[in-house]
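Take a look at the structure below.
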Amino acid sequence: GAGSAAALWSEVNRYGQNGDFARALKSVNKILQISKDDVTALQCKVVCLIQNGNFKEALSVINTHTKVLTSDVIAFEKAYCEYRLNRIENALKTIQSASQQTDKLKELYGQVLYRLERYDDCLAAYRDLIRNSQDEYEEERKTNLSAVVAAQSTWEKVMPEDLGLREATYELCYNSACALIGQGKLNEAMKKLQKAEELCRQSLSEDSDVTEEDIEAELAIIHGQMAYIMQLQGRTEDALQLYNQIIKLKPTDVGLLAVIANNIITINKDQNVFDSKKKVKLTNAEGVEHKLSKKQLQAIEFNKALLAMYTNQADQCRKLSASLQSQSPEHLLPVLIQAAQLCREKQHAKAVALLQDFADQHPANAAEIKLTMAQLKIAQGSVTKACMILRSIEELQHKPGMVSALVTMYSHEEDIDSAIEVFTQAIQWYQQFQARSNYSCCVFQPKSPVHLSLIREAANFKLKHGRKKEAISDLEELWKQNPKDVHTLAQLISAYSLVDPEKAKVLSKHLPSSDTMSLKVDVDALENSHGATYVRKKAGKLTGDSQQKEQGQGDVKKKKKKKKGKLPKNYDPKVTPDPERWLPMRERSYYRGRKKGKKKDQVGKGTQGSTTAGSSELDASRTASSPPTSPRPGSAAAVSATSNVIPPRHQKPAGAPATKKKQQQKKKKGAKGGW
């Protein structure tokens, strides 16, 4: 046995150096047949199984030999198997239970923390690794460190610190671009991605074994981020085109495919639903849940619920939204989706009740929920109830935007008293707030406190709705606050002119004189401006002749040219017009009336086959040369100028009968073809 064992160990060593772990495993198994509890052989077997990708079997070997393979001996291998089997929590426990924290365990610890989305701890772990290690893996550690910073910026909205990393690789450029996207700096992020693409092409093209398809597959994730930036910038057509190009490449990364499919669904929205249903299948691929972050997976589930709503799958929509609500009870979207589905089913009352229950249970999110409730009430036509809901939002009821919305809605309902009450409450709140703290901000006018601006708006509103005395009191208060405000004084004089003209005259004395007002207005610039309705024409230089013409003909008005009357189409200048052409046909001197019975006389009478005396006259073959009964089309010279000439206005166009026959023939042909 000793000789055979030594030979087997030499085989294991040789196969291991050559990377042939399948044969190495066979040799290790032979050694274990000789000595089944050999710690080194068991450890080698676990390593061979890991190298061959058999993580479950490797973990089974570790768990069945716990007495021999203690945590001190096999901690890294066990934690790594658990990590690769996506048992992240177990891997963290295994690492933390190890008595000695080796560099390998620290590296794995950083990866585990990243997967658990504990980015602060992960950042500290990688900083410690970079500080205390010097080997050929330093570039990979820096790349992982930049990935952690990018994740913080994207998912936690943390302002990333400058790590001072030199972006010499496309991985570092890509992570830097992701961090910029999280900050909203889309143009800078696009430039970083373009640089990353260039570096990637350069580094991969140096390898002769790498094909163009391999390069495009590696660039897919960079192009995916480029398309995402285009989508955020509103360039949806460009983004959609790039997304579809990536899908055609059929990348092996299921996480990338799921994200791209989800983004296409968001572009489609309620349109192109058939394409969205096909794309949803890519988000259900095996292993997607281990490739994406929790927020990415949550966004995909939200979009699935919305797609179910748009495709009228009510039960599926309710099921998905209920599942999402159970996972994150405080989140708004599941409740909003359920309310939207109820509204599609015309159950507005249930939707409002559902939103009210959520607002009562989660007061922190009540503002957004109540805004949605108000929108539903407006859609139902209950504007007054919507105003009541909006006024119940304490943190928003005194905001200028909310005041403006309430006043507009009350005005629509012709409830002027309630609108004025909204103004009054807002003004009082801002006066009290300003008394407590030196609060002043620019909302309506530059360098003007909010409550003064609200007073001015309230005065304008009261004047518009006939509350002149109330408006005058508001304007007087404004003028007391700033007696030098000419605009307020002008408004006050205008208001008094409607109620007390004498008082308006007295106040007008306080207006500055026109001499004191310095109005520096460039008239030429004003007339030549883009919005001017009148633009003065620049007078060009006139020659001597043109000046004389203008002086001599300045008073003469231009004569309008008369348009020539239109002549009939068959007008012949050689024929004298009929003087009676303006009279009706019956009143003309040459009218003889209609000839009746002409055709009847020509019809032969007698038995069938008999001929009449005039039949020889009707035979055209017996006449030597019969002149044409009517002139040919276009031959105006054939008409003789006799007393029986038809006037021009009553002459028929030359080719009219022929065209009529052609039209009849065409109709007959068409009818025949139809049969």
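For LYS36, LYS106, LYS484, LYS304, the ranking by accessible surface with the largest value first comes to LYS484, LYS36, LYS106, LYS304, using a 1.4 Å probe.
Annotation: amide H of SER35 has no partner in the under-5 Å range at sequence separation 5 or more or interchain, hydrogens built in the peptide plane. Computed with a 1.4 Å probe over protein heavy atoms only, the accessible surface of the stretch 312-396 comes to 55 Å² per residue.
For the residue pairs LYS78/LYS304; LYS56/LYS195; LYS30/LYS104, the alpha carbons lie more than 31 Å apart in LYS78/LYS304; LYS56/LYS195. Put ASP238, ASP162, ASP275, ASP360 in order of accessible area, highest first, and with a 1.4 Å probe you get ASP162, ASP360, ASP238, ASP275. The heavy atoms of PHE274 offer some 150 square angstrom of accessible surface to a 1.4 angstrom probe.
The values are calculated or read from the model by the stated rules, or taken from the named source; none is laboratory data. It should be emphasised that the depicted structure is a prediction, and the values quoted were computed from it without experimental measurement. To get the accessible areas, we keep the full protein, side chains included, count just its heavy atoms, and leave off ligands, DNA and RNA. Shrake-Rupley method; radii C 1.70, N 1.55, O 1.52, S 1.80 Å.
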